[in-house]
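Notes for the one structure printed next.
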Amino acid sequence: MNKFLLSYISLLLLFLSGGLLSQTYQLTGNPVTTAGWTLVTPAIVNGDFIMLTDDLINKSGSIKLNDPINLKYCDKWRVEFDFRIDGNGTSSGKGDGFAFWYLANPPVTSQQGAGLGIPQNATGLITGFDIYNNMGGGGLMSKVHVAYGVVPNTTDTNGLEYYNTAGSSFHSADLNSTQPFVGNTYKHVEVTGQTDPALPTNWIITVKVDGNTITSQSFTPAGAAANMTQGYFGFSASTGAASARHSIKNVKIYTDKVPILQNTVTQSFCPNPTTGFGSVNLTTFNSQLVSNPSNYTFTYLQGSTPITNPTNYQFNANTPVTVIVKDNAGILCDNPDGKILLVLAPLLLTDKTLTACNNNKGGTGLFNLNAADVAGGLSVVKKYYRTLNDLNSGTNEIQNPGTYTSAAGNVYVKVTTPLGCTGTAKITLAFYPDTPVKEATLRSCFLQNNITNALFDLTSANVTTLTSGFTKKYYTSVADALAGTNEIVNPTQYMSVSTSVYVKVTDATACFAVAKVNLVVLPPVTSTVLKDKMNVLTAEQIWTQVLVLAAMNGAQEQQPPLFRELA
């Protein structure tokens, strides 16, 4: 058989990376927890053990795991448990024994006596621990039986003890003198198996009792056992005319496959222009399938055919590859769910546009050429050139692509994949719209105690047509505005002589322009007629002074009627 049967019993009591990684089916605790298992009367929980039969005649009991297990992808398996057979027996002695099994047809009711509680025509793998010698006319013994096939088990003369199929059965010598099964203390059993490398359909089964190897040999699945695709784990025991109490505890069964990070990995490749084939090292995908590739062995299949050259696999069409991940420690079953989808296609690149600020209409912008994703997220190497001629000749490569200063125009990028595919794309360098600014003038009256100065509210200068999403900062020189240094910190109460200041307007795209604001101090008006005298002005003179002031501020007024009358 091989993987059609016990291949999923990755049954171990081992730890990997500090913890049990596979799913554990077990019967442990005090009282024993039987969630997920079914007890068949008279089997019961008795403290920290399962009592399959009490010390009474003609009893048979069993316990089976509810989940059917598909045994296909385990190269190794192992189960551990402790058993005890004790009691007073009867005048006929003690009997009959118990069995661990993986069966397609687990018992609903169990066979008594020599049947060890196994159902009729039991199909699968059975390991029996027999204490009553039916073939020898009765009496106590301690024998291990292994059957890998179909056991009739309809009478005491065709049960497990009588099953003899070449290559599919085993019967130990009587171990009663060296390792007796009957006693008051528990004995520890390990049943393991692994695929026979010489006969992959066979299992090499090893049975140990208290660390002593009883058998270790290759078994061939016989009859319907060779075609099993799923079955049930369990234990059974029985008594007949003789009796004994049969108990098990500390059962552990591990059945999970190797865990993988993702079921499918997809990658595109460009074909060799000469041969039309793509080339790939399939082993480079291992780390995308499992966390610690060194702990596993990988087999790659195209269809059902093993790939013999995975480090240099050639393909000329889109190809799915199946990956079987095998646990080197033998703790977990193989995982056949990994898929690598190899897509054969030319390297496709997309021209991109990068936009930068033409700050203060300087004519150049700062561009990050690396931000142009012309390869659609692929891991590639990119080299940038100002002209296609430079690219084709490999000369004058742009050395600072992350901080490239340029006027609007084009640059060109040569893209190379890790597998050597190359392609060329164009990157258009463009500017955001210029930040709109205009020159403005502010006028303010002189200060009484400092007639050459006035107070100005710089924020009132109308220097842009933008209505929202912009900021303004104020400086005493264009150089400071461009550098963003020595900002005027009191723009609403700025005292100054007649001069110019500069406003840095930054828009929603973070682009800016600088506007000039002219500051005009309105001086005091002095009389040219009176000096060191009281200055008595006529209405006409007063109006003349008003017109002078108005003209300086750009206003044009007509003389009001009142002033005309006074004049």
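Results, tabulated for the structure shown:
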{"quantity": "Pick from segment 338-357, criterion among the aliphatic types (A, V, I, L, M) and part of a loop (DSSP other than H, G, I, E, B), ranking: most open to solvent (accessible area, probe 1.4 Å)", "calculated": "Leu348"}
{"quantity": "Enumeration of residues in segment 151-179 that are at pLDDT 95 or above and in contact with a Leu (Cβ under 8 Å, 6 or more places away or on another chain)", "calculated": "Val151, Leu160, Asn176"}
{"quantity": "Segment 130-146 - residue that is part of a loop (DSSP other than H, G, I, E, B) and closer than 24 Å to Gly167 by Cβ and, of those, least open to solvent (accessible area, probe 1.4 Å)", "calculated": "Asn134"}
{"quantity": "Qualifying residue in segment 534-542 (condition: closer than 20 Å to Lys361 by Cα, surrounded by 13 or more Cβ atoms within 10 Å (Cβ to Cβ) and either at pLDDT below 95 or not hydrophobic (A, V, I, L, M, F, W, C) (or both))", "calculated": "no"}
{"quantity": "Long-range neighbours under 8 Å by Cβ, at least six apart or interchain, first residue touching a residue at least 12 places away in the same chain (Cβ under 8 Å) within segment 175-193, second open to solvent by 50 Å² or more (accessible area, probe 1.4 Å) and of a type in the set (A, V, I, L, M, F, W, C)", "calculated": "Asn176/Leu140; Val182/Leu140"}
{"quantity": "Candidates Phe285, Phe298, Phe315, Phe367 - the one that is under 30 Å from Lys252 (Cβ atoms), among the aromatic types (Phe, Trp, Tyr) and surrounded by 15 or more Cβ atoms within 10 Å (Cβ to Cβ)", "calculated": "Phe298"}
{"quantity": "Scope segment 67-102; condition modelled with pLDDT under 85, open to solvent by less than 20 Å² (accessible area, probe 1.4 Å) and assigned to a loop (DSSP other than H, G, I, E, B); matching residues", "calculated": "Leu71, Cys74"}
{"quantity": "Residue satisfying condition, being part of a helix (DSSP H, G or I) and within 30 Å of Thr403 (Cα to Cα), within set Asn286, Asn360", "calculated": "Asn360"}
{"quantity": "Selected residue [of a type outside the set (Lys, Arg) and closer than 21 Å to Ala375 by Cα] from Thr266, Thr299, Thr283", "calculated": "Thr266"}
{"quantity": "Of all residues in segment 318-337 being open to solvent by 70 Å² or more (accessible area, probe 1.4 Å) and not in a loop (DSSP other than H, G, I, E, B), the one that is nearest to Lys257 (Cα to Cα)", "calculated": "Lys326"}
{"quantity": "Some residue of segment 35-49 being under 30 Å from Asn202 (Cβ atoms), touching an Asp or Glu at 6+ places or on another chain (Cβ under 7 Å) and open to solvent by 20 Å² or more (accessible area, probe 1.4 Å)", "calculated": "no"}
{"quantity": "Only listed residue being surrounded by fewer than 19 Cβ atoms within 10 Å (Cβ to Cβ) and part of a strand (DSSP E or B), chosen from Ile204, Ile248, Ile253, Ile214", "calculated": "Ile204"}
{"quantity": "Count of residues meeting criterion [open to solvent by less than 70 Å² (accessible area, probe 1.4 Å), touching a Ser or Thr at 6+ places or on another chain (Cβ under 7 Å) and not in a strand (DSSP E or B)] in segment 301-312", "calculated": "1"}
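Matching residues to (1) within 47 Å of the chain's Cα centre (by Cα); (2) surrounded by 16 or more Cβ atoms within 10 Å (Cβ to Cβ); (3) not in a loop (DSSP other than H, G, I, E, B):
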position: Gly423; (1), (2), (3): yes, yes, yes
position: Ile427; (1), (2), (3): yes, yes, yes
position: Thr435; (1), (2), (3): yes, yes, no
position: Leu455; (1), (2), (3): no, no, yes
position: Tyr474; (1), (2), (3): no, yes, yes
position: Ala479; (1), (2), (3): no, no, yes
position: Thr485; (1), (2), (3): no, no, no
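The values are calculated or read from the model by the stated rules, or taken from the named source; none is laboratory data. Computed from a predicted structure; not experimentally measured. FYI the Cβ positions are ideal-geometry reconstructions off the backbone, even for glycines, and counts take in every protein chain you see. Ligands, DNA and RNA are stripped out before the accessible areas are found, and what is left, the full protein with its side chains, is counted by its heavy atoms. Shrake-Rupley method; radii C 1.70, N 1.55, O 1.52, S 1.80 Å.
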